[in-house]
Amino acid sequence: MEDARQARLAIRAGRHTGHTAGLARGHVQGNLCILPEEYAAEFLAFCRANPKPCPLLAVSRPGDPRLPELGEDLDIRTDVARYRVFQDGSLASEVSDLKALWRDDLVTFVLGCSFSFEEALIDAGLPLRYVEQGRNVPMYRTNVDTTPAGRFRGKLVVSMRPFKPADAIRAIEITSRCPRVHGAPVHVGFPEMIGISDLSRPWVGDPTDVKADELPLFWACGVTPQSVVLDAKPSLCITHSPGHMLVTDLTNASLTI
């Protein structure tokens, strides 16, 4: 499915319920964080203080489910295939739409997603093993602290993709040109140095093998807000389920420098 609007309509109608890697090629996908208005200013400050894991693409008005800068007909209540609902810092449920949960004080934040730079990697001839295997990218909660802002603080989450050394250099060069979708990796090799003891056991996502002649590359991940929510414990926070992103009308090319 190549058209972004058609992808959203398929998700809205329940015809597409899985992860969105490779969906609507050429278009930016976004991470989601929805919070009551009382937390919005602090979370905005958190995003600005942590642009690698939280590159901000759009913020809604309170209670408005629309984000016209990301898609003329976009409705945040229905256009993500699976949502996670956190209450007081604990995962309470996963739902397929937000119609029953929507409130007039909710503010939507959409953050850049690594699926955008992955397209550039694939176009450069750098295959992604998890995509070839039809899995979700592995994500790990590290021991690296984010920069706090008000009540929001916690550990950085990273996504991992393995490459041979020469390809790893190319991958770093390519993703460094995509700062609004996480940019270059934050760590290369030695996962134990950032608190990852076992690559076969990701925090979320599916494990990906790292071969003997490969290096694991770690990028800051837009699932970081879900890590931060565990510590900030807002009364309500709604995010995308990992890998189930918001498909926007923005093009990947428009975010490349």
Thr142 vs. criteria in a strand (DSSP E or B) and either in contact (Cβ under 8 Å) with a residue 12 or more places away in the chain or open to solvent by less than 10 Å² (accessible area, probe 1.4 Å) (or both): yes
Close pairs (8 angstrom Cβ cut-off, 6 or more residues apart or separate chains): within 17 Å of Leu57 (Cβ to Cβ) in region 69-87, in a loop (DSSP other than H, G, I, E, B) and among the basic types (Lys, Arg) anywhere: Leu74/Arg66; Asp75/Arg66; Ile76/Arg66
Selection count where residues are in contact with a Lys or Arg (Cβ under 7 Å, 6 or more places away or on another chain) and closer than 21 Å to Ser227 by Cβ, scope region 74-111: 4
Residues of region 66-84 satisfying the condition of being more than 15 Å from Thr239 (Cα to Cα) and within 17 Å of the chain's Cα centre (by Cα): Leu70
Residue within region 6-19 that is surrounded by fewer than 21 Cβ atoms within 10 Å (Cβ to Cβ), assigned to a loop (DSSP other than H, G, I, E, B) and of a type in the set (A, V, I, L, M) present: yes
Matching option when the condition is open to solvent by 10 Å² or more (accessible area, probe 1.4 Å) and either over 22 Å from Arg151 (Cα atoms) or of a type in the set (A, V, I, L, M, F, W, C) (or both), among Val85, Val107, Val95, Val28: Val95
Within region 168-225, tally of residues that are of a type in the set (Val, Ile, Thr), open to solvent by 30 Å² or more (accessible area, probe 1.4 Å) and in contact with a strand residue (DSSP E or B) (Cβ under 6 Å, 6 or more places away or on another chain): 3
All positions within region 67-106 that are part of a strand (DSSP E or B) and β-branched (Val, Ile, Thr): Val85, Val95
Verdict on Gly150 being open to solvent by 40 Å² or more (accessible area, probe 1.4 Å), of a type in the set (Gly, Ala, Ser) and in contact with a Phe, Trp or Tyr (Cβ under 9 Å, 6 or more places away or on another chain): yes
Wholly enclosed strands (runs of 3 or more DSSP E) of region 160-257 bearing at least 1 residues over 30 Å from Asp88 (Cα atoms), in contact with an Asp or Glu (Cβ under 8 Å, 6 or more places away or on another chain) and modelled with pLDDT of 95 or more: 246-251
The listed residue being farther than 27 Å from Arg82 by Cβ and in contact (Cβ under 8 Å) with a residue 24 or more places away in the chain, out of Ala220, Ala212, Ala168: Ala168
All positions within region 115-129 that are of a type outside the set (Asp, Glu), touching a residue at least 12 places away in the same chain (Cβ under 8 Å) and assigned to a helix (DSSP H, G or I): Phe115, Ser116, Phe117, Ala120, Leu121, Arg129
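The values are calculated or read from the model by the stated rules, or taken from the named source; none is laboratory data. Predicted, not measured: the structure shown is a model, and the values here were computed from it. Positions of Cβ are generated from backbone atoms using ideal geometry, with glycine treated the same way; all protein chains shown enter the neighbour counts. Accessible surface is based on the protein model in full, side chains and every heavy atom, while ligands, DNA and RNA are left aside. Shrake-Rupley method; radii C 1.70, N 1.55, O 1.52, S 1.80 Å.
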